[in-house]
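Working notes, beginning with the structure itself.
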Amino acid sequence: MTKISTPGFSRRTLLKTSATAALIAAVKTAFPSGAFAAAAGPETPGAKLGFIALTDAAPLIIAAEKGLFAKHGMPDVEVGKQASWGATRDNLVLGGAANGIDGAHILSPMPYLMHTGKVTQNSKPVPMALIARLNLDSQGISVAKEYAETGVQLDASKLKEAFAKKKAAGNEVKVAMTFPGGTHDLWLRYWLAAGGIDPNTDVSTIVVPPPQMVANMKVGNMDAFCVGEPWNEQLVNQGIGFTACTTGELWKGHPEKALGMRANWVEKNPNAAKAILMAVMEAQQWCEDMANKEEMSNLLGKRQWLNAPAKDVLGRLKGDINYGNGRDVKATGLQMKFWKDEASYPFKSHDSWFMAENIRWGTFAPDTDIKAIVDQVNREDLWREAAKDLGVAAADIPATSSRGKETFFDGKVFDPEDPSAYLNSLTIKAAS
């Protein structure tokens, strides 16, 4: 049976299931599409996968809850909660064989930051493989209630005077994200910079784990934050702050989390990696179905997963957004996508943008060979093989690894064939 673990991967199983054979029969009835397992069979029956308490961990959570790992020949997969993205990194560095983890629900840039040693102890590279995208859209940039009168929404410039006034009075302006160089760091920086606020000099950037964002805002530890759901919605439901914008308003259809694995695990267990991919892909298809959103919210809200009321999960999962500032919009189309719009496919062009933004803010050198590093980490080939084994319709498999040019809310255009042109068009960036 699929094992579901708490931090540290306790051997105590938290989800009781029937015998593996009965479970497999049940899930084959519930999920009739797809092969039972990769043709050659997985090299191992298990893997240790980590997740952070966020709605976009749903593909791993649902694959565990619905027995999909077992269906694809991986009955001993463990899905364990991580305390922070830093803990995710540290456990990936250890690896499953050393009581860490083999893979994880992860911020899309993190495999690149680890692969190059940018965020590891002693700058030691840890070879990584990014094998799928888990979702698109539905992160949020939220602001403390004290700034409601500024009317700030997508245009961050409305905060500029208020932030400057606070600093002039001798107070620090703190904006929180979840991991340096990660998606939330980059969304927050993009939004601030587009509004003429320099994230390096006009504010102090702090790191806070996702589940701790609301509590920290409540006690006044930050002025704004960027995080995934359900924490922006919970902030609004508790009346502590408001959502200025969702990240889908910055870049509609943007990539967010990924499924990252240690490269040596994938190389040793390619069929097992494909089996995990197939389970996750089936879960993504289930998550995409609007008819499943209520059940999904109840499952995700469980203590061992998000430990949050289902009402804090459901609204934005359906695309209904109460921003908390007088705007309450139904069916926005900004809900998290798990399968629609090729959400699962790990486009190399998307990873190129994350690399470019990390060059912008000084994490990588200006002469970094983006294409070479993306080609090392991104394993779209495994995704294609798994999709074929699963019987994914040809129409759902992208023809190329590039989405082409991407346009942002402020009119900036990223061409993956010419990242330097994009970087040169940006006015606020790290000093070279």
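The values are calculated or read from the model by the stated rules, or taken from the named source; none is laboratory data. None of these values were measured; they are calculated from a predicted model. For neighbour counting, all protein chains shown are included, and Cβ atoms are generated from backbone atoms with ideal geometry for every residue, glycine included. Only protein heavy atoms, including side chains, enter the accessible area calculation; ligands, DNA and RNA are left aside. Shrake-Rupley method; radii C 1.70, N 1.55, O 1.52, S 1.80 Å.
Descriptive notes on the structure:
- First in segment 189-211 and over 30 Å from residue 57 (Cα atoms), second anywhere and surrounded by 21 or more Cβ atoms within 10 Å (Cβ to Cβ) and hydroxyl-bearing (Ser, Thr, Tyr), Cβ under 8 Å, 6 or more apart: none
- Qualifying position, being hydroxyl-bearing (Ser, Thr, Tyr), assigned to a helix (DSSP H, G or I) and open to solvent by 30 Å² or more (accessible area, probe 1.4 Å), among 420, 401: 420
- When the test is whether a residue is open to solvent by less than 10 Å² (accessible area, probe 1.4 Å) and either among the acidic types (Asp, Glu) or within 30 Å of residue 93 (Cα to Cα) (or both), residue 283 passes it.
- Restricted to segment 221-327, the set of helices (runs of 4 or more DSSP H) holding at least 3 residues that are over 19 Å from the mean Cα position of the chain (by Cα) comprises 231-237, 263-268, 270-288, 293-300.
- Restricting segment 194-216 to residues that are within 20 Å of the chain's Cα centre (by Cα) and in a loop (DSSP other than H, G, I, E, B), the residue that is surrounded by the most Cβ atoms within 10 Å (Cβ to Cβ): 208
- When segment 230-244 is filtered for residues that are closer than 23 Å to residue 199 by Cβ and either of a type in the set (Phe, Trp, Tyr) or open to solvent by 10 Å² or more (accessible area, probe 1.4 Å) (or both), the ones remaining, listed by number, are 231, 240, 242.
- Leading residue by the ranking (farthest from residue 286 (Cα to Cα)) among those in segment 46-60 that are touching a residue at least 60 places away in the same chain (Cβ under 8 Å) and out of contact with any strand residue (DSSP E or B) (no Cβ under 6 Å at 6 or more places or on another chain): 47
- Positions within segment 28-59 being surrounded by fewer than 17 Cβ atoms within 10 Å (Cβ to Cβ) and at pLDDT 50 or above, in sequence order: 39, 40, 41, 43, 45
- On inspection, residue 363 passes the criterion of being within 23 Å of the chain's Cα centre (by Cα), in contact (Cβ under 8 Å) with a residue 12 or more places away in the chain and in a loop (DSSP other than H, G, I, E, B).
- Selection from segment 310-339 of residues that are farther than 17 Å from residue 230 by Cα and surrounded by 17 or more Cβ atoms within 10 Å (Cβ to Cβ): 325, 339
- Wholly enclosed helices (runs of 4 or more DSSP H) of segment 61-118 bearing at least 2 residues closer than 16 Å to residue 262 by Cα, within 20 Å of the chain's Cα centre (by Cα) and in contact (Cβ under 8 Å) with a residue 60 or more places away in the chain: 85-94, 110-115
- Residue within segment 366-383 that is open to solvent by less than 30 Å² (accessible area, probe 1.4 Å) and farther than 28 Å from residue 422 by Cα present: yes
- Applying a threshold of 6 Å to beta carbon distances and a minimum spacing of six or more residues, or different chains, the list of pairs starting in segment 157-172 at a residue that is closer than 18 Å to residue 191 by Cβ and ending at one that is surrounded by fewer than 14 Cβ atoms within 10 Å (Cβ to Cβ) reads 158/151.
- Some residue of segment 245-253 being surrounded by fewer than 24 Cβ atoms within 10 Å (Cβ to Cβ) and without any contact (Cβ under 8 Å) to a residue 40 or more places away in the chain: no
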